[in-house]
Amino acid sequence: MFNLEKIVNLMIRRGFVFQSAEIYGGLSGFYDFGHLGVLIKNNIKKLWLDFILKEENIFLVETSIVNPSSVFYASGHLENFYDLLVECKNCHTRFRYDHYLKGEYGKVKKDNDKYFCPLCDGILTEPKKFNLMFKTYVGSTEETSNEAFLRPETAQGIFINFENYLKKYRLKLPFGIAQIGKAFRNEITPKNFIFRIREFEQMEIEFFIHPNDHFEWVEYWTKRSLEWYINDLGLKKENLFVYSQSKEELAHYSIKTNDIYYKFPFGEDEIQGIAHRGNYDLSAHIKFSGKDLSYYDESSKEKIIPYVIEPSWGVERLFLALICDAYDEDEINNEKRIVLRLSPKISPIKIAILPLLSNKEKLIKKAKEIYNYFKNYYLVYYDDSGSIGRRYRRQDEIGTPFCLTIDFQSLEDDTFTIRDRDSTQQIRIHFNDLLDYFKEKI
Ligand SMILES: [Zn+2]
C-alpha cells in the first residue's frame, strides 16, 4: 500500500479535500470537502441508504445537532465520555494517555511511577479526565440552565424520539431507526488526515430487538456490513477484518462490540463499530425524562424495554479507506501514472467526453452533442484542453472509469472509442450500443 502522504497530496492537489479555515492558518481537526470529495461522500451515503432500506424494517430520522445538557446527563456522556489526558509540565504539550502508552507519540519513558514527555523529556502530569463534547449556550444568556452540547454521536436523537416512533409508525420488533448526520468530538490529538477529526459525519442505525434474541444480531450486522463493503463499495477483502473488543475497551454503554478494521497505510484502524448497547440508553431516558419508553410485546402481553444493536459508520473514515484501497501508480509508455481504481459506483465522474483533437471544430461540435446526451444519464465531464494523453491522466487520477473519445471516424460512422481506466484498453462501439454498455458497467 502507498503511504498516506501520497494520498493526501492527491486529495489536496485535485481539490477533493481542503484544510478548513486555511486562509486563517487552518483549524486543526476540521476539513472542508470540494466538488469531487462531496460527490464521493454522497455516493457513499446513497449506497448506504440503498443497502439499509433493503432490510425492509429500517426507518429514517434526522435529529438536531444541538441538544440540551439533560440529554447527555441522562445518556452518561457528561460523566463518562472522556479521554484521559497527560500534560508535559515543561513544554505543556498534551497527549492522549492511552495513545501515549501505546507509543504513538514516540518511545514511552518511565522512571518509577513517573512518565516523561516524548518531545522534551519533561515530567508528565497524572492523567486527568477531558470531556470530548463541545459545549455551547442556547439563547442570549450564558447561564448553566441554557447549557447545550453538540452531539458526540447521532444515536441519542434516535433514543429520545423512541416514543414518537412507536406511536406514529406502529412498529414491531425488530426494527431499526437510522440517521446520517454530523457529530462532534473535541479530540485531544486529531491525526491521520481525515481519519481522526473533530467534526465528522456518521451513518448510524439503532436496531431495536427483543431482549431474548440479542447476541445473534451483532453477528448479523457484522456479516451484512462486510458484504456491503466488498460487494457494493468494492473494498478489497484482504484489507478488512473484524475485531471483538475486550471488556476493558468497551464504551460505558456497551455489552459487546465488534469493530470492523481497515488496514490503512498508517496502521489498521476502525471504520465501523457494531455495539450491543443493551437497554442502557432507553432505561436512562426513562429514568431521567419520566416518560414511558417501553414497548408492548403482543405475544407475551408484557411491557419490555428493547435491547439495541448499533452499527455505526464514519463517512470520512470510509472515504479515506476507499481512496487508500483505490490509489495506485503504474507506468504507461514509460510514463508514470497515478490512478484511482475506484468502483464506478463510487467514482465522482462516470464518463469523460473528449474530442481527440482540441482544435477541430467538427470534433468539438460532435463531442458536445454526445456530452449533452449522456448528461441525462450520468455525471459526465467534458474536456477539450491539452493533449489527449494528458486528459486521460487527469481523469485516471480522479477515478473516472471511462473516457469516451470522438475522432474523425466518429463523424463518418457514428462509432466512438471507449478507454477503460484500469486496463487502458480501448474499444470502438457504435452510438446505438453505448448506453447499454455503460449501463452494464456502471
Ligand atoms: Zn515536553
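The values are calculated or read from the model by the stated rules, or taken from the named source; none is laboratory data. Since the structure is predicted, the reported quantities are computational estimates derived from the model, not experimental observations. For neighbour counting, all protein chains shown are included, and Cβ atoms are generated from backbone atoms with ideal geometry for every residue, glycine included.
Yes or no, residue by residue, for (1) within 22 Å of Arg196 (Cβ to Cβ); (2) touching a Ser or Thr at 6+ places or on another chain (Cβ under 9 Å):
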| site | (1), (2) |
| --- | --- |
| Gly29 | yes, yes |
| Gly37 | yes, no |
| Lys46 | no, no |
| Glu55 | no, no |
Notebook entry, point to check: Just wondering, is there one or more residues in region 162-180 that are touching a Gly at 6+ places or on another chain (Cβ under 8 Å) and either part of a strand (DSSP E or B) or surrounded by 17 or more Cβ atoms within 10 Å (Cβ to Cβ) (or both)?
Noted result: yes
Margin query: I'd like to know if region 37-47 contains one or more residues that are within 28 Å of Ile323 (Cα to Cα), of a type in the set (S, T, N, Q) and either touching a residue at least 12 places away in the same chain (Cβ under 8 Å) or touching a helix residue (DSSP H, G or I) at 6+ places or on another chain (Cβ under 6 Å) (or both).
Written below: yes
Next item on the list: Of the conditions (1) in contact with a strand residue (DSSP E or B) (Cβ under 6 Å, 6 or more places away or on another chain); (2) surrounded by 15 or more Cβ atoms within 10 Å (Cβ to Cβ), Thr136 clears all except one; give me its number.
Entry: (2)
Margin query: Tell me which strands (runs of 3 or more DSSP E) are completely within region 207-300 and hold 1 or more residues being hydroxyl-bearing (Ser, Thr, Tyr), or say none if there are none.
Written below: 240-244, 256-264, 295-297
Next item on the list: Residue by residue through region 308-362, note down the ones that are of a type in the set (Asp, Glu) and farther than 17 Å from Arg419 by Cβ.
Entry: Glu310, Glu316, Asp325, Glu329, Glu361
Check: Residue check, Tyr115 against (1) modelled with pLDDT of 95 or more; (2) away from the ligand (no atom under 16 Å from the Cβ); (3) of a type outside the set (S, T, N, Q), all met but one. Which one?
Finding: (2)
Item checked: Unmet criterion (only one of (1) over 24 Å from Leu49 (Cα atoms); (2) surrounded by 21 or more Cβ atoms within 10 Å (Cβ to Cβ); (3) of a type outside the set (D, E, K, R)) for Phe319 -> (1)
Check: Which is on the phi < 0 side of the Ramachandran plot, among the β-branched types (Val, Ile, Thr) and more than 21 Å from the chain's Cα centre (by Cα), of Ile209, Ile230, Ile274, Ile205?
Finding: Ile209
Note to self: Could you go through region 134-145 and let me know if any residue there is within 16 Å of the ligand (Cβ to nearest atom), without any contact (Cβ under 8 Å) to a residue 24 or more places away in the chain, over 23 Å from the mean Cα position of the chain (by Cα) and not assigned by TED's automatic domain parsing to the domain that holds Gly29.
What the structure shows: no
Notebook entry, point to check: Here are Lys256, Lys237: which of them is without any contact (Cβ under 8 Å) to a residue 60 or more places away in the chain and either out of contact with any helix residue (DSSP H, G or I) (no Cβ under 9 Å at 6 or more places or on another chain) or within 19 Å of Glu204 (Cα to Cα) (or both)?
Noted result: Lys256
Note to self: Condition first: of a type in the set (Asp, Glu) and away from the ligand (no atom under 15 Å from the Cβ). Now tell me which residues in region 69-110 satisfy that.
What the structure shows: Glu79, Asp83, Asp98, Glu104
